[in-house]
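The values are calculated or read from the model by the stated rules, or taken from the named source; none is laboratory data. Keep in mind it's a predicted model, so treat the numbers as computed, not measured. Methodologically, a virtual Cβ is constructed for each residue, glycine included, from the backbone with ideal geometry; neighbour enumeration extends over all protein chains shown.
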Amino acid sequence: MKKKTIALLLIIAFVGVSLGIAPKISFAGNKYNKQERIKLLTMTAYYSDSNLEVNKGNKNFETFEDAENFYLSLSDAQFENTIKESIESTIKAQKGGKKVIWNKNFLNNELKLFFPNLYTKVTNITKNDPAFIKEIHTKIAPLSSGSNTITGIYSGYSSLGFLQWSFYCQMHWAWHNNEITNVSSSQWAATYLTWEYDGIIANAENYYNNRASYYKYVKGQFELNAFEVPIQYDYPWQKFYLHVGGGYEWSCGG
């Protein structure tokens, strides 16, 4: 019954607002109702390849019900301040060099409407940034043979600083002289709170440059689901260019 109640509140918060049949989020002294708080606890606000779990919430709460009960017990001022502190900590981390991609729906709706100063800070930081993260690692000193293994991680977080999900892709490749001789890959995911992983929805990979390089693209799907009604989808992707000598380029987004 508890899970059904949570699911119903999520449907009201995500679907009802868009249809105009549920109250919108009310900051600035008005009461936060239950579904509004659960929405901010569960929806993704930003993404990163770094550990940005500001709230460490998944470590402090054993179940979603524990987290829900805690945030429902806060006063309006405490709840709002918690969001502000979480977003400000993420902005600080981004200014310090952490790579962050903001969810456009969250940025242009919740943050812009209710925290305009924070919205301005975020847009000023990200206005020239691409909508993906990219790393380039130069080749290792040439060897007649060798191998390398890398693991790409891309994660989604809520406005309250909770880790919602992580998408992993590990690549291992070996080479001899000027040719890649073997490539293996594996993908997996971790989900938290009420998110679910639906699996891989796109995958492409092949050798190129006379087998001196290898390309891999993989895309997964996560969803926030209630009563089998999809509330929010996220589609993280990772892309790899692997080279003889151990060098590679890696990017992620979605």
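Numerical summary
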{"quantity": "Criterion: farther than 21 Å from Ala45 by Cβ, in contact with a Phe, Trp or Tyr (Cβ under 6 Å, 6 or more places away or on another chain), free of Cβ contacts under 8 Å to residues at least 40 places away in the same chain and not assigned by TED's automatic domain parsing to the domain that holds Ile38 - qualifying residue of Asn182, Asn210, Asn206", "calculated": "Asn206"}
{"quantity": "Leading residue by the ranking (surrounded by the most Cβ atoms within 10 Å (Cβ to Cβ)) among those in segment 64-78 that are without any contact (Cβ under 8 Å) to a residue 12 or more places away in the chain and assigned to a helix (DSSP H, G or I)", "calculated": "Phe70"}
{"quantity": "Candidate set from segment 190-233 (those that are acidic (Asp, Glu) and out of contact with any Gly (no Cβ under 8 Å at 6 or more places or on another chain)); member that is modelled with the highest pLDDT", "calculated": "Glu205"}
{"quantity": "Ile125 vs. criteria out of contact with any Pro (no Cβ under 8 Å at 6 or more places or on another chain) and in the same structural domain as Glu36 (by TED's automatic domain parsing)", "calculated": "yes"}
{"quantity": "Any hit, segment 228-241, residues being touching a strand residue (DSSP E or B) at 6+ places or on another chain (Cβ under 6 Å) and exposed (fewer than 15 other Cβ atoms within 10 Å of the Cβ)", "calculated": "yes"}
{"quantity": "Residues of segment 113-157 satisfying the condition of being at pLDDT 90 or above, small (Gly, Ala, Ser) and closer than 19 Å to Gly220 by Cβ", "calculated": "Gly152, Ser155, Gly156"}
{"quantity": "Any chance Thr123 is free of Cβ contacts under 8 Å to residues at least 24 places away in the same chain and within 25 Å of Gly97 (Cβ to Cβ)", "calculated": "yes"}
{"quantity": "Enumerated strands (runs of 3 or more DSSP E) restricted to segment 159-247, each holding at least 1 residues that are closer than 24 Å to Ser147 by Cβ and either aromatic (Phe, Trp, Tyr) or in contact with a Cys (Cβ under 6 Å, 6 or more places away or on another chain) (or both)", "calculated": "163-176, 179-191, 195-208, 213-226, 237-243"}
{"quantity": "Among residues of segment 33-63, those that are in a helix (DSSP H, G or I), at pLDDT 75 or above and closer than 25 Å to Tyr235 by Cα, counted", "calculated": "8"}
{"quantity": "Residues (within 28 Å of Asn182 (Cα to Cα) and over 16 Å from the mean Cα position of the chain (by Cα)) located in segment 206-238", "calculated": "Asn206, Tyr207, Tyr208, Asn209, Asn210, Arg211, Ala212, Ser213, Tyr214, Tyr215, Lys216, Tyr217"}
{"quantity": "Failed condition for Phe162, given (1) modelled with pLDDT under 90; (2) surrounded by fewer than 17 Cβ atoms within 10 Å (Cβ to Cβ); (3) hydrophobic (A, V, I, L, M, F, W, C)", "calculated": "(2)"}
